[in-house]
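Student: Structure incoming, see below.
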Amino acid sequence: MKTTSFLAIISALLLSSFRLPPAGGVQVKITGIEGNKGQLALLIFNAATGFPSEHTKALKQAMIPVSGTTVMYTFADLPAGTYAITVMHDENKNNTLDTNMFGIPEEGIGVSNNALSMFGPPSFKECAFNHNGSSSTVEIKLDY
């Protein structure tokens, strides 16, 4: 009987020491917003598949109203890992990135690490950042 109780206590202690810490959030600070209309579409990816624009491949997504030149949003409950974020200022709320006849965006866009390129979309690797699992802040400046 004493052995069983001792084993139960040891088992409980071992299991509690291997418990993962609670996942934290990634706070996104979006700056350089032009105009005070429309919405911001945010996508967070944890892999290169679908990055930067396939919303169905994103880990999480959010649509938030524009409320000034700087807006904050938090992706909650994210475990430690590598992530990349894209932001689009959907000024006319048509849920699409409007482009000109050459495919150049006519609405504001931004990515983590501010890794935009003049020669096509950036890669996941260029935009990737490490989240420590408790809390992180990423600043993204929109480009128009």
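No lab work stands behind these numbers, since they all come straight from the coordinates. Please read these numbers as outputs of a predicted model, since none were measured by experiment. In this analysis, Cβ positions are derived from the backbone assuming ideal geometry, glycine residues included, and neighbour counts consider all displayed protein chains.
Student: I'd like to know which of PRO105, PHE124, ILE33 lies farthest towards the positive end of the charge dipole of segment 22-141, counting +1 on Cβ of Lys and Arg and -1 on Cβ of Asp and Glu.
Tutor: Sorting the options by dipole projection puts first PHE124.
Student: What order, most packed first, do the peptides 85-98, 65-78 have when packing is the mean number of other Cβ atoms within 10 Å of each residue?
Tutor: Answer by packing, highest mean first, reads 85-98, 65-78.
Student: With Cβ to Cβ distances under 13 Å as the rule, what net charge do the other residues near GLY38 carry (K, R +1; D, E -1)?
Tutor: With Lys, Arg at +1 and Asp, Glu at -1, the net is -4.
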